[in-house]
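The values are calculated or read from the model by the stated rules, or taken from the named source; none is laboratory data. Here the structure is a predicted model, which is why all the values come from computation and not from measurement. Glycine also receives a Cβ, built like all others from the backbone with ideal geometry; neighbour counts cover every protein chain displayed.
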Amino acid sequence: MKKKLLFASLIASIFSSAQINANEGFENTTYPAFTNVSFFRSSVISACVGSYTLNREFWSGGTAGSTTYSSTASNGGKLNLSFQYKTHIYSGGSVNGTMKLEYSVDGGQTFQTLETVTLNSVASCKTWSGSIPQGSIPANADFKFRVSGQWLSGDYWLLLDDFKISQESVLSITDVTKKESRIYPNPFTDVIYIDKAETVRSITVSDFSGKNIKTINNVSKEIKLSELKKGNYILTIDYKDGSKNHSKVIKK
């Protein structure tokens, strides 16, 4: 009986400490947490880290592709995400497309856009980083993080490498308020307010397709958004320390 109770206690402690966590550079031949559509592992083009990357050639005969990370280990805390990417062309090619970053908490039935990155030139390794606030990914949710490429014109390769995905411990409401700027009210009518505006470099307002609606570079406590139509938006907050946070807001 004691052994059964000890085993049950051990299992409970494992699940209570579970959290999303991944560090993937595709150096091994298998990477079960990632599912690829048209991307494949290769070492032909130099990697950002190590020898291998995921890559995909985008051209008129191959206009889309994606890789998706999946996990059901969420603890409900803030999730930090980063990866490196680069573009490459052979002689005579050109780069013209986009790279979309999205996440889902319902197993991929619906996705929310974190950011859409414009690809319009040859780029050496760049790092994309962002975060999803605490409470956005419920505990044990069927979470997916998808990076996808969309071709517009030209002929180029998009390479993805060095994914780092880590979830923080769940903080109390007080601790969250201390750590991040608070946006209120939400839903809002014409104006939203942001605490700790002095720590913010800029705020970008996007719709759920990833389209940039407005960028605010001179951030003050009061942010006027009366020109927005009613609906749901993503606020990307770029802090002066280099960190980034994404929050969903509703215009009523």
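Restricting K100, K86, K164 to those that are in a strand (DSSP E or B), modelled with pLDDT of 95 or more, surrounded by fewer than 18 Cβ atoms within 10 Å (Cβ to Cβ) and among the charged types (D, E, K, R) reduces the list to K164. Filtering region 202-228 to residues that are farther than 29 Å from Q150 by Cα and either buried (at least 17 other Cβ atoms within 10 Å of the Cβ) or within 24 Å of the chain's Cα centre (by Cα) (or both) leaves V219, I223, L225.
Inspection of region 50-58 finds a residue satisfying the criterion of being assigned by the TED database to the domain that holds L152, out of contact with any strand residue (DSSP E or B) (no Cβ under 9 Å at 6 or more places or on another chain), in contact (Cβ under 8 Å) with a residue 24 or more places away in the chain and hydroxyl-bearing (S, T, Y). Looking at region 177-224, which of the residues that are basic (K, R) and not in a loop (DSSP other than H, G, I, E, B) is farthest from M99 (Cα to Cα)? That would be K178. If you go through region 36-78 and keep only what is more than 26 Å from V122 (Cα to Cα) and either surrounded by fewer than 19 Cβ atoms within 10 Å (Cβ to Cβ) or of a type in the set (G, A, S) (or both), you end up with S70, S71, T72, A73, S74, G76, G77. Over 14 Å from the mean Cα position of the chain (by Cα), assigned to a loop (DSSP other than H, G, I, E, B), of a type outside the set (D, E, K, R) and closer than 27 Å to W59 by Cβ: does that describe G135? It is false that G135 is over 14 Å from the mean Cα position of the chain (by Cα), assigned to a loop (DSSP other than H, G, I, E, B), of a type outside the set (D, E, K, R) and closer than 27 Å to W59 by Cβ. Of all residues in region 229-240, those satisfying the criterion of being of a type outside the set (S, T, Y) and either surrounded by 12 or more Cβ atoms within 10 Å (Cβ to Cβ) or within 21 Å of G77 (Cα to Cα) (or both) are N232, I234, L235, I237, D238.
Listed by position, the strands (runs of 3 or more DSSP E) contained in region 1-70 that have at least 2 residues being at positive phi and at pLDDT below 95 form an empty set.
In region 195-221, the residues that are at positive phi and modelled with pLDDT of 90 or more form no Cβ pair under 7 Å with any partner that is of a type in the set (K, R) and in a loop (DSSP other than H, G, I, E, B), whether six or more places apart or across chains.
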